[in-house]
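The values are calculated or read from the model by the stated rules, or taken from the named source; none is laboratory data. Please read these numbers as outputs of a predicted model, since none were measured by experiment. Reconstructed Cβ throughout: ideal geometry from the backbone, glycine too, with neighbour counts over all protein chains shown.
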Amino acid sequence: MASVMLATVDPGDEVIVFEPYYENYGPDAILAGATPRYVTLHPPHWTFDEAQLHQAFNANTKAIIINTPHNPTGKVFTREELTLIAELCQKWDVLAFTDEIYEHILYDGTQHIALATLPGMEERTITINGLSKTYSVTGWRVGYILANPALTGAIRKVHDFLTVGAPAPLQRAGVTAMQLPPSYYEELGKLYHQKRDSILQILDGVGIPYFLPQGAYYVLADISKFGYKTDIEFTYHLIKNIGVAVVPGSSFFSQPEKGHSLIRFCFSKTPETLQAASDRLLKLSK
């Protein structure tokens, strides 16, 4: 994402970011000299207000970031939502940066739709993906983009200046992984569906309200009932006294106070780890 932003966005430009958002999006825009323009995703289904989205586009808008399935909410953007985004991108001649790294982690029959497949979007969409989530190699940090050749040259140069390149052995491993049969992705979906159901059962048992994720492997939970002033205080309590680590919700907002009632659980863990978390979280209900 940083390479894409630095290669295509100039100082004075604006970049539309749906909020809450993965922590890097706003800072990446700022590093490129641009101004992030935030559009709110509203719970419980994390939908956006169409009027606010329309207002976010203007003559200074250079790009919009769409993360689907979405971190941290688990939202999967619908065809109707993506169609509106596509129409606005074409109206204002705006690029779309799509982070689709959770594309194979979906629940309850939800379908992932790539924005680049919509009419008029192939030439203006930069699709960002990687090996980390689909192949469970998050420490490798190997990613890739799909984009119009007119855009990839500059992105390659920036990436070269930032990182020189991803390790060759890991790139070869990625090529091998991408040749896995469709059954691999089907089993991956089933595996994470089981893990999601496990964490939801844990939260139900403890009495922590949450927002049902449609994709990715996170759950946003509402901690208002516990009476802590901020998510940071509650997070420290979980770590020090309960023995469970979560991400404070404020890290996903441009204004931290918007996330003070939220925390994010990650359930890409072994059954043993999830069981240990379940046992420890029971202390909260005592």
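Looking at residue 95 and the list (1) more than 20 Å from residue 252 (Cβ to Cβ); (2) touching a Phe, Trp or Tyr at 6+ places or on another chain (Cβ under 8 Å), which single condition is not satisfied?
Checking residue 95 against (1) more than 20 Å from residue 252 (Cβ to Cβ); (2) touching a Phe, Trp or Tyr at 6+ places or on another chain (Cβ under 8 Å), the one that fails is (2).
Select from the range 158-177 the residues that are under 13 Å from residue 145 (Cβ atoms) and touching a residue at least 60 places away in the same chain (Cβ under 8 Å) and list them in ascending order.
The answer is 158, 159.
Restricting to the range 76-103, and then to whatever is under 19 Å from residue 7 (Cα atoms) and among the aliphatic types (A, V, I, L, M), can you tell me which residue is farthest from the chain's Cα centre (by Cα)?
Looking at the filtered set, the residue picked out is 94.
Go through the range 118-137 residue by residue and tally those that are surrounded by fewer than 19 Cβ atoms within 10 Å (Cβ to Cβ) and either in contact (Cβ under 8 Å) with a residue 60 or more places away in the chain or more than 22 Å from residue 181 (Cα to Cα) (or both).
Selection size over the range 118-137: 5.
Just a yes or no: is a residue in the range 101-117 in the same structural domain as residue 28 (by the TED database), crowded, with 16+ Cβ neighbours inside 10 Å and in a helix (DSSP H, G or I)?
Within the range 101-117 (the criterion being in the same structural domain as residue 28 (by the TED database), crowded, with 16+ Cβ neighbours inside 10 Å and in a helix (DSSP H, G or I)), the answer is yes, since at least one residue qualifies.
So residue 189 fits all but one of (1) free of Cβ contacts under 8 Å to residues at least 12 places away in the same chain; (2) closer than 26 Å to residue 133 by Cβ; (3) small (Gly, Ala, Ser); what number is the exception?
Tallying (1) free of Cβ contacts under 8 Å to residues at least 12 places away in the same chain; (2) closer than 26 Å to residue 133 by Cβ; (3) small (Gly, Ala, Ser), residue 189 fails exactly one: (1).
Do we find a residue being closer than 22 Å to residue 267 by Cα, at pLDDT 95 or above and assigned to a strand (DSSP E or B) anywhere in the range 127-135?
yes
Determine whether residue 78 is hydroxyl-bearing (Ser, Thr, Tyr), within 18 Å of residue 99 (Cβ to Cβ) and crowded, with 21+ Cβ neighbours inside 10 Å.
No: the conditions fail for residue 78.
Are there any pairs with C-beta distances below 8 angstrom linking a residue in the range 40-66 that is farther than 24 Å from residue 93 by Cβ and of a type in the set (S, T, N, Q) to a residue that is modelled with pLDDT of 95 or more and part of a helix (DSSP H, G or I), with the two at least 6 apart or on different chains, and if so which?
40/52; 47/81
So, residue 83, is that one surrounded by fewer than 18 Cβ atoms within 10 Å (Cβ to Cβ), within 21 Å of residue 143 (Cβ to Cβ) and free of Cβ contacts under 8 Å to residues at least 40 places away in the same chain or not?
no
I'm told residue 220 meets every condition in (1) surrounded by fewer than 20 Cβ atoms within 10 Å (Cβ to Cβ); (2) outside any loop (DSSP other than H, G, I, E, B); (3) outside the structural domain of residue 71 (by the TED database) except one. Can you identify the failing condition by its number?
Condition not satisfied by residue 220: (1).
Select from the range 143-182 the residues that are outside any helix (DSSP H, G or I) and of a type in the set (Gly, Ala, Ser) and list them in ascending order.
Result: 143, 147, 165, 166.
Which is in contact with a helix residue (DSSP H, G or I) (Cβ under 9 Å, 6 or more places away or on another chain), surrounded by fewer than 20 Cβ atoms within 10 Å (Cβ to Cβ) and either closer than 29 Å to residue 107 by Cβ or among the basic types (Lys, Arg) (or both), of 35, 47?
Just one listed residue meets the conditions, 47.
Identify all residues within the range 88-128 that are within 18 Å of residue 18 (Cβ to Cβ) and among the hydroxyl-bearing types (Ser, Thr, Tyr); write none if there are none.
98, 102, 110, 125, 127
Taking only the range 257-282 into account, find how many residues are surrounded by 14 or more Cβ atoms within 10 Å (Cβ to Cβ) and more than 20 Å from residue 74 (Cα to Cα).
Number satisfying all stated conditions: 5.
State which residue is farthest from residue 19 (Cα to Cα) when the search covers only the range 181-215 and only residues that are out of contact with any Ser or Thr (no Cβ under 8 Å at 6 or more places or on another chain) and among the hydrophobic types (A, V, I, L, M, F, W, C).
Only one residue fits best here, namely 191.
Give me the residue from the range 22-32 that is in contact with a Phe, Trp or Tyr (Cβ under 9 Å, 6 or more places away or on another chain) and assigned to a loop (DSSP other than H, G, I, E, B) and, out of that set, surrounded by the most Cβ atoms within 10 Å (Cβ to Cβ).
Looking at the filtered set, the residue picked out is 22.
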